[in-house]
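The values are calculated or read from the model by the stated rules, or taken from the named source; none is laboratory data. Since this is a predicted model, take the numbers as computed values, not measurements. We place every Cβ from the backbone using ideal geometry, glycine too, and count neighbours over all the protein chains shown. Protein only, heavy atoms only, side chains kept; ligands, DNA and RNA dropped before computing areas. Shrake-Rupley method; radii C 1.70, N 1.55, O 1.52, S 1.80 Å.
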Amino acid sequence: MFRVRIAFSKQDPVRWLSHLDTQKAFERAMRRAAIPLAFSEGFNPHPKIAFASALAVGIVSFGEYVDVDLAAAVDPAEVRERLQKAMPEGFGIHGVKAVPPGTQALMAVVNRAQYRLRVPLQEPLDEAVIAAALSRSLAEASWLVEREGKKGVSTRDIRPGLFQLTGSRTDDALILEMLVQTGSEGNVRPEEVLEAVCRYGDLSVDRERVRILRLGLFVAQGERLLTPMDVL
Amino acid sequence: MSPICDISQILEDELLRKVTKPTRYTGGEHNQVKKDWSGVDVAMAFAFPDVYEVGMSHLGLRILYHLINEQPRMVMERVFAPWPDMEKAMRSRGVPLFSLESRRPLTDFDVVGFTLQYEMSYSNILNMLDLAGISLFAEERLYGDPLIMAGGPCAVNPEPLAPFMDLILLGEGEELLPRVLQAIADFKRDAGLGAIAGGAAAAGDDLAERRDRSRREALLLHLATIPGVYVPALYRSEYAADGCFLGTTPIREGVPAKVKKQIVADLDKAYFPTTSLVPFMDVVHDRVMLEVLRGCSRACRFCQAGSIYRPVRERSPETLKRQAEALVKATGYDEIALTSLSTADYTCVEPLIKELIATHAEQKVGLSLPSLRVDAFSVDLAKEVQKVRKTGLTFAPEAGTQRLRDVINKGVTESDLMETVESAFSNGWTSLKLYFMIGLPTETEEDLEGIARLAEQVVYKGTAILREKGMNKSVRVTVSTSSFVPKAQTPFQWEPQAPMADLEEKQAFLKKRLRDRRISYSWHDARISFLEAVFAKGDRRLAQVLHRAWQKGCVFDGWSEFFRYETWLEAFQECGVDPADYAYRAIGYDDPLPWDHLDFGVDRRYLIREHKKALAAALTRDCRADQCAGCGVCPTLGVSIDLRGGDHVPSPDRL
């Protein structure tokens, strides 16, 4: 078995694809690119494709990763070139590397996500107001948010899952950049951070019209942030 | 800022995040064709009056989309009915209905062409026109407005839509549609020169409007001379004082008294795209659709498709293999469906299946056969096919007794069915679906009892076989019934539909009768079937009812969660139209029919003969293997049956 790790971006118009649709788009593009997929056994064989993390519908991302099992060894450079030609508009293939046997699963190692949010302002705010709002909210020891799950609404504290937060202003929008926890230890959603900043920092912005960009997914090793490609 | 940019920005910034399944509206699918409009003479929007995932499963769209876009100076873009959540968002933001490819409003197009796949999508047509800001009634539209066109199976009787449509195309579109679009492009070019010349006169608004009207009329008159093009405004329907329909005749000179449907004579040489759009979201038929043949010669008497797609024309296996390979390469799909009205009838089906499997198995590309006959041969084919991927099996005996199956000319015997079922269970299937119709002409309680009895026998047979094989699994049989709808251009067009109360009683009977936990029973809403019957055989007077029902909020009538029967009844009442007159009236052989001026090639005398034979439960044999039944299609349309397997004859159950 031969496994490759693919780094890709997802922009307009495919940012509206669900996780499942994205999976299908990869499978079909691999077939169009004549890259031999490895399949599961059974009545309905399916390809073995594993994403680092599900990306919510509507979010643009510059740093997504997927591991794909191939039925035969193919030069990663060739996979990259052929796959890029076969992908629908809006997907960019940024790198392909062979995954050595025994490497930990992508999903198990990715634990940080970096986001940039752009939120239209509802009233003119200067940088100082934004900075003050951020420090006010960061001073709170816990950020409680409500999350709707299968068993109803639960309350969680997302403050421990926030590792970096900066804010600035462009034109008439607030820009927030954040590094948050993701993966098996739990996910912090960027909208939740925005909600908390608005609440604890007493900021008024048009949250309905937020644009979210995922800058990347990372593997935090102590103080160091590595990309899933770096760890190979 | 141009409106195109506006639409796109409002979508991306505000609307898409609020709606379910946003990829219904984004476009951008692999193999989408995005043309530069500056080099184009004529632009058409293909409008499917249902939601994206239904429309994208339509083979006709896939063929015509690539056909038209391959013409250097034509462009075709797509538009579907927005789901109500999106419609609401669009209306509240003032976003007009737009095409997926360029996100242009429909008013930018020369032609908006609706495909008429089922009667219950008609209210969506009005809703889409309204959402596009286009006048609903043809007579209110001016020269600069898009031409509203329709085609597809329900064009067999488009009369309930007549006042809304500028032109209707009868028959197959591969040759007809480019011809019509070219004629529109030519007319526009010539009229354009005239407009510049006359523009200096600085015409007043009234004058300009009159000029536009007459120009539009000239265009429609011109188009009406193209064989296969029906312009409803150039015909008048007359009714007697008692409301009886008298006939439809042309009101202008040079307009044909009968419009004849157009078909392609050689399907093997007909256009078929070697590329195909690949939707992102799940659509109903999400696979390569390979059309192996067109038409069906089995002559089931209820079947409208059997009438309107005649005669049988096959593609050669060489062509199909080439197309399959190209399509898999172009799409990356993992399944190829061999589509037609009856794929097991394809004279080269066995070698074709074997070769397709051999070619594509390594890439794990499976085959599927969506329409199978009730015979052991079909099970053999299905067995062959499921070597790559396991698929379900569905058979349609249609009726519960031999007598009634003879009435509908379904030439399937009980022993055929039991043999088929035995073969299916022996070959590893544990669940089957059986389709029946209720409310067929001459149906009695015995026929209904027959449905239940057949289902039970299938269960017993299956259980015995599974036990013999030492399998612990239980058999599952799904029985599904739809209600018979009499349709235009079939031998049953003279028949009334069974009263709704009777249909509901029959459903209740079967529900009670099919109590075995190994059998599940599902049925279609009889109220929807009733409206289908009304519109399938309706005349122009139904247009006002449709308009009224839409005004009262009816959309997506084919979807049970939106179907509002009471509202429909109110609309009928307000318009003074009795739906029962259309659904329940037995039509005399000499009565004029609302679709008499549309010639589908099927001889009226043949339909009468078949109707009489039906009532006598006498069979008509398959014209491919036996003598010609005299339906009239081949001589009228100047074509003939075209089989590729030479000496092959249909399976012996029909002989």
### Task
Please calculate how many Å² of accessible area the protein assembly as shown carries per residue, with a 1.4 Å probe and no DNA, RNA or ligand atoms counted.
41 Å²
### Query
Where a Cα-Cα gap under 18 Å defines reach, which aspartates and glutamates qualify for B:Lys34, not counting those fewer than 8 residues away within the same chain?
A:Asp12, A:Glu89, B:Glu70, B:Glu77, B:Glu101, B:Asp108, B:Asp110
### Query
Angle between the Cα long axis of helix B:349-360 and the longest principal axis of chain B, 0 to 90 degrees, nearest 10?
70 degrees
### Query
Of all the accessible heavy-atom surface of chain B, with the other protein chains kept in place and a 1.4 Å probe, what percent is carbon and sulfur?
51 percent
### Task
Compute the separation of the alpha-carbon centres of the range B:156-174 and the range A:6-21 and state it in Å as a whole number.
40 Å
### Task
May I ask you to find the residues of the range A:16-64 that are shielded by at least 20 Å² of accessible area once the whole protein assembly is considered instead of their isolated chain (probe 1.4 Å)?
A:Trp16, A:Leu17, A:Asp21, A:Lys24, A:Arg28, A:Arg31, A:Arg32, A:Phe39, A:Phe43, A:Asn44, A:Pro45
### Message
From the convex hull of the Cα coordinates of the protein assembly as shown, what is the mean projected area in square nanometres?
### Response
42.4 nm²
### Query
Mind checking the alpha-carbon convex hull of chain A and giving the volume per residue in Å³?
145 Å³
#### Entry: For q = 0.11, 0.12, 0.21, 0.22 Å⁻¹, Debye-computed log10 I/I(0) when each Cα of the range B:76-151 counts as one equal scatterer
-0.26, -0.31, -1.00, -1.09
### Query
Restricting the count to DSSP beta bridges whose residues both fall in the protein assembly as shown, what percent are antiparallel, rounded to a multiple of 5?
60 percent
## Note on the structure
Here, A:Leu138 and B:Cys628, labelled 7 Å along Cα→Cβ, have an inter-label distance in nm of 8.9 nm
### Message
Which positions within the range B:274-298 get 40 Å² or more of their accessible surface covered by the other protein chains, compared to the chain by itself, with a 1.4 angstrom probe?
### Response
B:Phe280
### Task
Can you tell me the FRET efficiency between B:Lys258 and B:Asp581 if r is taken as the Cβ-Cβ distance and R0 is 25 Å, rounded to the nearest 0.05?
0.45
### Message
Using a 1.4 Å probe on the protein heavy atoms, what percent of the accessible area of chain A belongs to carbon and sulfur?
### Response
50 percent
### Query
Which whole-number percent is the relative contact order of the range A:104-223 (Cα, under 8 Å, 6+ apart)?
45 percent
### Query
What whole number of Å gives the distance from the Cα centroid of the range B:302-352 to the Cα centroid of the range B:14-86?
24 Å
### Query
Amide H of B:Gly171: which non-local residues (sequence gap of 5 or more, or other chain) have their own amide H closer than 5 Å, using H built in the peptide plane?
B:Gly152, B:Gln262
### Query
Which value results when the Cα radius of gyration for chain B is divided by 2.2 N^0.38 Å?
0.98
## Note on the structure
Summing -39500 (n - 2.57) over every DSSP H run of at least 4 in chain B, dividing by its residue total and rounding to the nearest 500, the 222 nm mean residue ellipticity is -11500 deg cm²/dmol
### Estimated vicinal HN-Hα couplings, Hz - the range B:91-107 in sequence order (Karplus 6.51, -1.76, 1.60; Gly, Pro = x)
5, 5, 9, x, 8, x, 4, 10, 7, 6, 5, 9, 6, 8, x, 4, 5
### Summary
Largest first and rounded to whole Å, the semi-axes √(5λ) derived from the alpha carbon gyration tensor of the range B:361-450 read 30, 12, 10
### Query
Rank B:Met165, A:Met1 by accessible area, highest first, at a 1.4 Å probe radius?
A:Met1, B:Met165
### Summary
FRET efficiency for A:Glu177 and B:Asp6 from the Cβ-Cβ distance with R0 = 30 Å, rounded to 0.05, comes out at 0.50
### Query
Could you state the number of Å between the C-alpha centres of the range A:173-232 and the range B:258-289?
46 Å
### Task
Would you work out the charge dipole size for the range A:2-108 about its Cα centre, treating the Cβ of every Lys and Arg as +1 and the Cβ of every Asp and Glu as -1, and quote it to the nearest 20 debye?
80 debye
### Query
Which whole-number percent gives the relative contact order of the range B:4-106, counting Cα pairs below 8 Å spaced six or more residues apart?
35 percent
### Task
May I ask which residue of B:Thr20, B:Ala625, B:Leu177 lies farthest towards the positive end of the charge dipole of the protein assembly as shown, with charges of +1 (Lys, Arg) and -1 (Asp, Glu) on Cβ and the Cα centre as origin?
B:Ala625
### Task
Work out how much length B:Gln551 to B:Val284 would gain on full extension: take 0.36 nm times their residue separation and subtract the Cα-Cα distance, in nm to one decimal.
93.2 nm
### Query
Efficiency by 1/(1 + (r/R0)^6): what FRET value for B:Arg403 and B:Lys473, r their Cβ-Cβ distance, R0 = 41 Å, to the nearest 0.05?
0.70
#### Entry: Full-extension gain in nm, B:Thr394 to B:Ser38, via 0.36 nm per residue minus C-alpha separation
123.2 nm
### Message
Apply the Karplus curve 6.51 cos²θ - 1.76 cosθ + 1.60, θ = phi - 60°, to the phi angles in the range A:130-146 and return the couplings in whole Hz, x for Gly and Pro.
### Response
5, 4, 5, 5, 5, 5, 4, 6, 5, 6, 5, 6, 9, 10, 8, 10, 9
### Task
With everything on Cα atoms, drop me the angle between helix B:445-468 and the longest principal axis of chain B, reported from 0 to 90° to the nearest 10.
60 degrees
## Note on the structure
Stretched fully, the stretch from A:Thr166 through A:Ala128 gains (0.36 nm per residue minus C-alpha distance, one decimal, in nm) 12.4 nm
### Query
When the dipole is taken about the Cα centre of chain B, and only Lys, Arg (+1) and Asp, Glu (-1) are charged at their Cβ, what size is it in debye, to the nearest 20?
1160 debye
### Task
Averaging sequence separations of C-alpha pairs under 8 Å and six or more residues apart, then dividing by the length of the range B:170-297, give the relative contact order as a whole percent.
29 percent
### Task
Any chance you could list the semi-axes, whole Å, largest first, of the equivalent ellipsoid that the Cα gyration tensor gives for the range A:165-232, using √(5λ)?
27, 13, 11
### Query
Using a simple charge model, +1 on the beta-carbon of Lys and Arg, -1 on the beta-carbon of Asp and Glu, nothing else, what dipole does the protein assembly as shown show about its Cα centre, in debye to the nearest 20?
1800 debye
### Query
Along the positive direction of the dipole of the protein assembly as shown (beta-carbon charges: Lys, Arg +1; Asp, Glu -1; about the Cα centre), which of A:Leu138, A:Pro13, B:Ile438 reaches farthest?
A:Leu138
### Query
What quantity of accessible surface, computed with a 1.4 Å probe and excluding non-protein components, is buried in total between chains B and A, in Å² to the nearest 100?
2400 Å²
### D_trans [Stokes-Einstein, Kirkwood Rh over alpha-carbon pairs] for the range B:250-371, 20 °C, 1.002 mPa s, µm² s⁻¹
133 µm²/s
#### Entry: 37 °C / 0.692 mPa s Stokes-Einstein diffusion coefficient of the range B:392-524, Kirkwood radius on C-alpha pairs, µm²/s
214 µm²/s
### Query
Put +1 on the Cβ of every Lys and Arg and -1 on every Asp and Glu Cβ in the protein assembly as shown; which of B:Cys154, A:Leu106, B:Leu167 then has its Cα farthest towards the positive end of the dipole?
A:Leu106
### Accessible area (Å², 1.4 Å probe, nearest 10) - B:Ser342
10 Å²
### Task
Sort A:160-169, B:255-264, B:525-534 for me by packing, meaning the mean count of neighbouring Cβ atoms within 10 Å per residue, highest on top.
B:525-534, B:255-264, A:160-169
